[in-house]
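Structure, as structure tokens:
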Amino acid sequence: MRELENTIERAVVLTDGDVLEPGNFSSRAPRTTHHAPAGKLSDIVEAAERDAIAAALGEVDGNRRAAAKRLGVSLRTLFYKMSRYGLD
């Protein structure tokens, strides 16, 4: 149930429209693991954040303002995190 909730929440965040369509959901199978990833929590969170930023930028053809909107962060925050993760 939690996976379904997360999938729907992600689609809502990454969708500009008012109605969710089948194309708003990722076609890849959800990652399910029974073991936590190795490493420190801060490293895992940073990797997930970096991946989310890169994915959002890819989905909007590099439009930083649109990526910030999709991610729910300010443009300034996006610029800071892009610089921090070497995505600029």
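Pull up the stretch 55-64, narrow it to residues that are more than 8 Å from the chain's Cα centre (by Cα) and part of a helix (DSSP H, G or I), then point me to the one that is surrounded by the fewest Cβ atoms within 10 Å (Cβ to Cβ).
Checked the stretch 55-64; the qualifying residue surrounded by the fewest Cβ atoms within 10 Å (Cβ to Cβ) is GLY58.
For LEU87, all conditions in the list (1) open to solvent by less than 40 Å² (accessible area, probe 1.4 Å); (2) not in a helix (DSSP H, G or I) hold save one; what is the number of the exception?
Single failed check for LEU87: (1).
Take the residues in the stretch 30-45 that are aliphatic (A, V, I, L, M) and assigned to a loop (DSSP other than H, G, I, E, B), then tell me which one is modelled with the highest pLDDT.
If we take residues in the stretch 30-45 being aliphatic (A, V, I, L, M) and assigned to a loop (DSSP other than H, G, I, E, B), then ALA38 is modelled with the highest pLDDT.
Looking at ALA48, ALA52, ALA11, which one is in a helix (DSSP H, G or I), modelled with pLDDT of 75 or more, within 16 Å of the chain's Cα centre (by Cα) and over 23 Å from SER83 (Cβ atoms)? Give the steps one after another, and end with the answer.
Numbers: ALA48 fails: over 23 Å from SER83 (Cβ atoms); ALA52 fails: over 23 Å from SER83 (Cβ atoms).
Every option except ALA11 fails the conditions.
Just to verify a result, which residue in the stretch 65-77, among those that are of a type outside the set (A, V, I, L, M) and buried (at least 16 other Cβ atoms within 10 Å of the Cβ), is farthest from the chain's Cα centre (by Cα)?
Once the filter is applied, the top-ranked residue is LYS69.
Which residue is least open to solvent (accessible area, probe 1.4 Å), if the candidates are limited to the stretch 39-54 and must be touching a residue at least 12 places away in the same chain (Cβ under 8 Å) and hydrophobic (A, V, I, L, M, F, W, C)?
Among those that are touching a residue at least 12 places away in the same chain (Cβ under 8 Å) and hydrophobic (A, V, I, L, M, F, W, C), it is ILE53.
The values are calculated or read from the model by the stated rules, or taken from the named source; none is laboratory data. What you see is a predicted model, and the numbers here were worked out from it, not measured in a lab. Quick reminder, even Gly has a Cβ in these numbers, built from the backbone with ideal geometry, and neighbours come from all protein chains shown. Note: accessible area is taken over every heavy atom of the protein model, side chains too, but ligands, DNA and RNA are not part of it. Shrake-Rupley method; radii C 1.70, N 1.55, O 1.52, S 1.80 Å.
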